[in-house]
Every structure is written in C-alpha cells, then in structure tokens.
Amino acid sequence: SATSADTFGTKHAAKIYGVLYCAKGIAALLVPLGNLLMEATGTWATVLYICATMDLFAAVCAITVLRPMLRKHHARNAELAAQQGRGPVTAAASP
C-alpha cells in the first residue's frame, strides 16, 4: 500500500489501496487448496515450498517487469511536466 502512492501518486491512492486489499481476500480463498495439498502429501513442507516458489516468482516479476514499467512511467511524467513548463514532478505529487 505504501508503494502504491509512491508509484501512482496520491490522487487515487484510496482506490488503488482498495484494489490491493482485495488481493488479500482473494488469497484467503487459496487456503483450502493448501489444506488439500497438505492432506495429500502428509506434510506442510510441500505447501511452504510452493509458497516460497511463488514468492520468488513475484520478486523476479517485480524486478524484471515492474521496475522498468515504473521507470517508463516516471520518465513520462517528467517529460509531461517539462512540456508544461513545470519542474520535475515526483511520483507522490503527480496528478
């Protein structure tokens, strides 16, 4: 939630935070699947390894997809600000 305002600005921060919070509810729906997997394998280790793998995948996606996307977004905001005669705009102050 803290990075949503840094990334997209504060104008729609509450809406964006609401969407992010919905992801928590959707993730709660996966708990029964974890339970079924534990019962099938007889150990929580399998569930934890799958969760760790998904976390690593998310981290790799954040580095390879999100970081370049944010750079492009911030560069575009700076370019628009320069065209409008304003100084550089930080992400938190962008509209």
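The values are calculated or read from the model by the stated rules, or taken from the named source; none is laboratory data. Please read these numbers as outputs of a predicted model, since none were measured by experiment. Glycine also receives a Cβ, built like all others from the backbone with ideal geometry; neighbour counts cover every protein chain displayed. Remember, those area values only see protein heavy atoms, side chains included, never the ligands or the DNA or RNA. Shrake-Rupley method; radii C 1.70, N 1.55, O 1.52, S 1.80 Å.
Could you point to the residue in Gly18, Pro68, Ala78 farthest towards the positive end of the stretch 6-78's charge dipole, with +1 and -1 charges on the Cβ of Lys/Arg and Asp/Glu respectively?
Working it through, the farthest residue towards the positive pole turns out to be Ala78.
Taking K and R as +1 and D and E as -1, what net charge do the other residues with C-beta under 15 Å from the C-beta of Met69 add up to? Walk me through the intermediate numbers first.
Values: positive: Arg67, Arg71, Lys72, Arg76; negative: Asp6.
Net of charged neighbours comes to +3.
Computed FRET efficiency, Cβ-Cβ of Glu79 and Ala58, R0 30 Å: what is it to the nearest 0.05? Provide the component values of the computation, followed by the final result.
Numbers: r = 30 Å, r/R0 = 0.99.
That pair, Glu79 with Ala58, gives E of 0.50.
Whole-Hz Karplus ³J(HN,Hα) for the stretch 35-47, in order, using 6.51 cos²θ - 1.76 cosθ + 1.60 and θ = phi - 60°, x for Gly and Pro?
The phi angles translate into 5, 4, 5, 5, 5, 6, 9, x, 8, 7, 4, 4, 4 Hz.
Could you work out how far helix 13-28 tilts from the main Cα principal axis of the chain, as a 0 to 90 degree angle to the nearest 10?
Roughly 10 degrees, rounded to the nearest 10.
Heavy atoms only, probe 1.4 Å: what % of the accessible area of the chain goes to carbon and sulfur, would you let me know? Display every interim value, and only then the final one.
Working: 5170 of 7370 Å².
C and S fraction of accessible area: 70 percent.
What does the accessible area of Cys51 come to, in Å² to the nearest 10, when a probe of 1.4 Å is used?
60
[x] 116; [y] 88; [z] 134: which one is volume of the Cα convex hull per residue in Å³ as calculated from this entry?
Only one option fits the structure, namely [y].
Send over a whole-number figure in Å² for the accessible area per residue of the chain, probe 1.4 Å. Kindly include the intermediate steps, with their values, before the conclusion.
Details: 7370 Å² over 95 residues.
On a per-residue basis, 78 Å².
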